[in-house]
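Reading through the structure tokens given below for one structure.
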Amino acid sequence: MKVVIISGLSGAGKTHAADWFEDHGYYCIDNMPPALIKSFLDLAMFRTIRMTKAAFVVDIRSDEFFSGLNDTIDYLRMREDIEFSILFIEASDSTLIRRYNETRRNHPLSTGRTSKAVIEKERSMLADLRARANHVLDTTNLKVAQFNLEMSKLYNPDGDISSTFAINVISFGFKYGIPQETDMVFDVRFIPNPYYVESLKHLTGNNKKVQRYVLRHDIAQKFIEQLTVMIDTIVPCYVKEGKNHLNIAFGCTGGQHRSVTLANEMARIFREEGYRVTLEHREL
């Protein structure tokens with residue numbers, strides 16, 4: 001089991017790091033008192049579906065931050081069945097002050113303006129934990145895409161992009177409007193319509209007879225082949241820019257036959273290629 005403790009200076013990017021871990025299949029818990037981590041992991045071992053990756057954000061927001069922290073770290077490093085690491089995130093004083101001023105939020109150690117003295121106090125409180133960290137990430141000059149790239153270098157250096165990238169597939173009918181949340185819309189009304197075949201008219205694209213009818217056409221197969229190549233080509237570019245998912249919609253007239261069939265087929269192909277896939281048929 002992989003376990004990561006995320007800590008560091010307030011405002012440095014711990015929440016974004018947790019989002020990155022969550023996008024990569026980690027079970028994430030924010031503001032977890034260190035003394036409870038051991039109990040949580042022991043309970044997780046008894047789950048029907050065993051948890052394989054977990055990340056915990058621990059920082060000075062918790063009154064119990066220092067209670068049992070070193071003991072918890074020693075325990076996790078002792079466990080032979082746990083691959084454990086600490087990620088410490090920091091940034092320059094000026095950067096942290098600017099970020100707090102922009103968001104107009106109070107620093108956990110201050111009820112008023114965030115000052116250099118407050119940040120230095122937090123640095124001092126976290127000095128021992130920083131010294132025990134496996135990785136120290138400075139986010140001072142990092143944009144979101146650069147942050148994600150650095151995280152990948154640290155925690156997914158040899159990983160397959162497809163295993164962490166999510167593709168959300170949806171079918172719909174143009175007569176009911178285009179889904180608002182989609183990134184790409186493909187109009188599949190160029191494929192012959194099963195609606196005009198009497199035996200298929202009242203079935204849907206979830207039926208094998210309809211699927212055979214739609215997919216037997218050469219143009220449908222060519223479309224699937226070219227779309228697969230396109231998605232495999234652009235996904236690494238999306239990942240490089242910090243995007244972790246893609247919403248793809250297939251539309252036909254009523255959202256019953258062609259769009260459902262194509263959505264099913266592409267979802268199957270994407271899963272076989274190792275992508276994380278969700279599938280929705282809006283009109284069914």
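Bear in mind that the values in this text are calculations on the coordinates, not laboratory data. None of these values were measured; they are calculated from a predicted model. All Cβ positions, even for glycine, are placed from backbone atoms using ideal geometry, and neighbour counts span all protein chains on display.
General remarks:
- Selection among ASN206, ILE178, TYR155 by position relative to the dipole of region 127-284 gives ASN206 as farthest towards the positive end (Cβ unit charges, Cα centre).
- Note on ASN101 and PHE190: the model spin-label points, each 7 Å out from Cα along the C-beta direction, lie 5.4 nm apart.
- The packing ranking of peptides 116-129, 251-264, highest mean first, is 251-264, 116-129, where packing means the average number of other beta carbon atoms within 10 angstrom of each residue.
- Using a Förster distance of 45 Å, the FRET efficiency for LYS143-GLU80 (Cβ separation, nearest 0.05): 0.70
- Using 0.36 nm per residue and subtracting the Cα-Cα separation, the extra length available between ASP30 and ASN134 on full extension is 35.5 nm.
- Distance cut-off 25 Å, percentage of C-alpha pairs in the chain lying past it: 58
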